[in-house]
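Undergrad: First, the structure itself, so that you have it in front of you.
The values are calculated or read from the model by the stated rules, or taken from the named source; none is laboratory data. In this text the structure is predicted, and so the values were computed from the model without any measurement. Cβ: placed from backbone, ideal geometry, glycine included. Neighbour counts: every protein chain shown. Calculation scope for accessible area: heavy atoms of the full protein, side chains included, ligands and nucleic acids excluded. Shrake-Rupley method; radii C 1.70, N 1.55, O 1.52, S 1.80 Å.
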Amino acid sequence: MARLAAPNALVMMTTTCIGLIELYFVAKLGVDSLAGVSQVFAIVSLISALSQGAVGGGVVSAVARALGRGQRQEANDLVWYAIAIAVPLGLATTAALLIGGPSLYTAMGARDASLQAALHYSNLVFGSAVLTWLFYLLLAVVRGTGNLVLSATVVCGGALLLVPLLPVLIVGWGPVPGLGIIGGAVGMLFYFAIGSLIFATYLWGGWGVLRPPIRPPRFSFRPIWQILRVGGMSTLISGTTSGTIAILTGFVGAHGVAAIAGYATGARLEFLLPSLSYGIGGPVGILVGTNIGAGNIRRAVQAAWIGVAFAAIAAEAIGLVVAIWPDLWLRAFSDDPTVLAVGATYLRTVGPFFGFFGAGFALYMAGQGTGHLQWPASGALARAAIGIAGGLLAFQFNGGLVGIFVAAAIGMVTFGSVSVAGLVLRAGYQPPWSKAAHPVASTVRRAPA
């Protein structure tokens with residue numbers, strides 16, 4: 001698991017850090033630009049979570065279980081199914097954000113200059129959302145085969161090229177004028193396009209364990225349902241996470257643009273935690289899915305427990321550090337006194353409970369491997385209900401920012417606790433077939449997974 005987790009964690013942390021570096025240079029354009037792009041970043045993080053972790057997790061799970069069962073041709077065809085899912089979902093994302101973006105960002109508290117900044121950035125990023133979906137679903141196919149080294153090479157290698165370009169694209173360099181807030185979006189779209197081309201070349205070039213056909217197979221509903229069933233439940237979890245932050249941003253917006261920027265800067269670290277948990281939990285999902293496919297139930301359960309322990313400890317360590325020294329994080333983005341004060345209040349209130357968040361997300365990834373996500377989904381819904389209801393009460397009864405942040409912390413604890421309860425009960429960890437029902441199972445079961 002450590003061998004798989006190291007490159008996967010590097011991939012997830014790198015993709016998130018690219019966004020944070022972009023935000024760092026956007027902050028140099030002023031508070032309005034920071035607030036506007038921060039609001040869009042919540043939606044960008046949601047789409048990334050849906051494509052990379054939710055639907056992408058369904059692709060990873062389907063490929064891993066097919067290989068665990070020894071059904072190589074089914075795994076090959078799943079490459080085309082991933083593309084068939086990515087294109088319409090990317091077009092749907094574009095349509096939804098181009099039409100509904102103005103109302104959404106206004107509801108989140110954007111006004112005047114910050115609203116204009118949000119719309120300029122959003123229209124470019126989501127106008128080419130197909131590239132985002134293709135990149136992450138092809139990445140998911142490669143991850144499902146267990147090849148996480150290629151993923152790390154593409155993501156991190158692209159980051160080494162992109163990061164030096166971000167300040168040039170955003171603020172300019174010497175005689176080269178910057179593009180402002182859209183500069184980072186231009187760089188990211190180029191990054192996704194090149195990465196998608198590399199993954200496609202790897203898959204169809206025969207460099208890995210998969211050999212997808214040159215032409216698309218005759219599509220059937222079962223593989224699509226297999227991916228979207230896991231992806232749909234995963235979408236619910238990812239959606240409630242980002243949706244809760246987006247709604248709480250609206251509550252915080254009543255306290256001013258600087259308060260929004262402060263909360264968004266603190267909550268940006270919360271967006272980093274899923275990437276960390278995906279980094280650890282992704283290999284857990286691969287190991288769980290492959291071992292369940294091969295009938296190794298005890299080993300699948302062991303992988304889940306190890307993964308949740310790793311994720312909880314790592315997330316809690318980060319939470320405690322920023323709760324004690326919030327300026328280590330906040331001053332990288334702003335020196336505005338209100339931004340620093342609001343961000344510090346958030347981190348000191350919620351940071352000590354980041355471990356529950358890490359545990360919940362690791363079990364969400366393990367649930368993708370089992371194909372059963374009822375317990376993590378229930379925990380995510382409970383977290384959203386508590387966070388939103390508590391935030392609304394604080395807003396209505398003058399509980400202030402502290403009341404909103406306390407509600408967010410309680411919801412985070414609930415998410416982790418309910419998810420762990422499902423693992424204790426071994427929900428979803430049952431053999432998919434008996435030895436008599438599936439003669440291949442006895443052969444695959446002896447093989448290392």
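Undergrad: Give the distance, in whole Å, between the Cα centre of the range 174-189 and the Cα centre of the range 83-147.
TA: The distance from the Cα centre of the range 174-189 to that of the range 83-147 comes to 18 Å.
Undergrad: Enumerate the amide H contacts of TRP173 below 5 Å, restricted to partners 5 or more residues apart or on another chain; note that Pro and chain-start residues carry no placed amide H.
TA: Sorted by chain and number, the residues that satisfy this are GLY178.
Undergrad: Roughly speaking, what is the stretch gain from TRP204 to ARG222, that is 0.36 nm per residue apart minus the C-alpha to C-alpha distance, in nm to one decimal?
TA: Working: separation 18, 0.36 × 18 = 6.48 nm, distance 2.33 nm.
Stretched fully, the TRP204-ARG222 segment lengthens by 4.2 nm.
Undergrad: If you don't mind, there's one more thing I want to ask. Which one, VAL26, VAL209, VAL420, has the greatest fluctuation when you compute a Gaussian network model over the chain with C-alpha springs under 10 angstrom?
TA: The residue that fluctuates most here is VAL209.
Undergrad: Over the range 291-332, with the other protein chains present, what is the accessible area per residue in square angstrom, probe 1.4 angstrom? List each step's numbers first, then the result.
TA: Working: 1970 Å² over 42 residues.
Per residue, the range 291-332 has an accessible area of 47 Å².
Undergrad: A follow-up question, please. Counting alpha carbon pairs within less than 8 Å and at least 6 residues apart, what relative contact order, in whole percent, applies to the range 121-232? Write out the running numbers ahead of the final one.
TA: Numbers: 81 pairs, mean separation 31.5, N = 112.
In percent, rounded to a whole number, it is 28.
Undergrad: Also: Suppose every K and R has +1 on its Cβ and every D and E has -1 on its Cβ; what is the size of the dipole of the chain about the Cα centre, in Debye to the nearest 20?
TA: Using Cβ point charges on Lys, Arg, Asp and Glu, the chain gives about 1820 debye.
Undergrad: Next question, about the same structure. Can you list the HN-Hα couplings for the range 335-341, worked out from phi with the Karplus curve (6.51, -1.76, 1.60; θ = phi - 60°), rounded to whole Hz and with x for Gly and Pro?
TA: Using θ = phi - 60°, the values come out as 10, 5, x, 5, 4, 5, 5 Hz.
Undergrad: Normalised by the number of residues in the chain, what is the relative contact order in percent for Cα pairs under 8 Å and 6+ residues apart?
TA: Working: 814 pairs, mean separation 98.6, N = 449.
About 22 percent, as a whole number.
Undergrad: If you don't mind, another one. Just to verify a number: FRET efficiency for GLN116 and VAL163, C-beta to C-beta distance, R0 = 25 Å, to 0.05? Write down the numbers at each step before the final one.
TA: On the way: r = 27 Å, r/R0 = 1.07.
Efficiency for this residue pair is about 0.40.
Undergrad: Can you work out the Karplus-derived ³J(HN,Hα) for every residue in the range 77-94? Use 6.51 cos²θ - 1.76 cosθ + 1.60 with θ = phi - 60°, whole Hz, and x for glycine or proline.
TA: Each residue's phi maps through the Karplus curve to give 5, 5, 4, 5, 5, 4, 5, 4, 7, 5, 5, x, 5, x, 5, 5, 4, 4 Hz.
Undergrad: Springs between alpha-carbon pairs under 10 angstrom, Gaussian network model over the chain: which of GLY416, GLY250, GLY289 fluctuates most?
TA: The residue that fluctuates most here is GLY250.
Undergrad: Sticking with this one: Sequence gap at least 6, Cα distance under 8 Å: using those rules, report the relative contact order of the range 266-343 to the nearest whole percent.
TA: Details: 37 pairs, mean separation 22.8, N = 78.
It comes to 29 percent, rounded to a whole number.
Undergrad: How far, in degrees from 0 to 90, does helix 354-370 lean away from the longest principal axis of the Cα atoms of the chain, to the nearest 10?
TA: Around 30 degrees separate the two axes.
Undergrad: In nm, to one decimal, how far is the ALA92 label point from the ARG215 one, both placed 7 Å along Cα→Cβ?
TA: The answer from the label model is 2.9 nm.
Undergrad: Mind checking the full-extension length gain between PHE190 and CYS17? Use 0.36 nm per residue of separation minus the Cα-Cα distance, one decimal, nm. Let's see the in-between values first.
TA: Working: separation 173, 0.36 × 173 = 62.28 nm, distance 1.69 nm.
Answer, rounded to one decimal: 60.6 nm.
Undergrad: Give the accessible surface of the range 61-165 per residue, rounded to a whole number of Å², with probe radius 1.4 Å and ligands, DNA and RNA excluded. The partial results should precede the final answer.
TA: Numbers: 3760 Å² over 105 residues.
Per residue, the range 61-165 has an accessible area of 36 Å².
Undergrad: Something else now. Given R₀ = 35 Å, what would the calculated FRET efficiency be for ALA6 paired with ALA341, taking r from the Cβ atoms and rounding to 0.05?
TA: Numbers: r = 37 Å, r/R0 = 1.07.
Once rounded, the FRET efficiency stands at 0.40.
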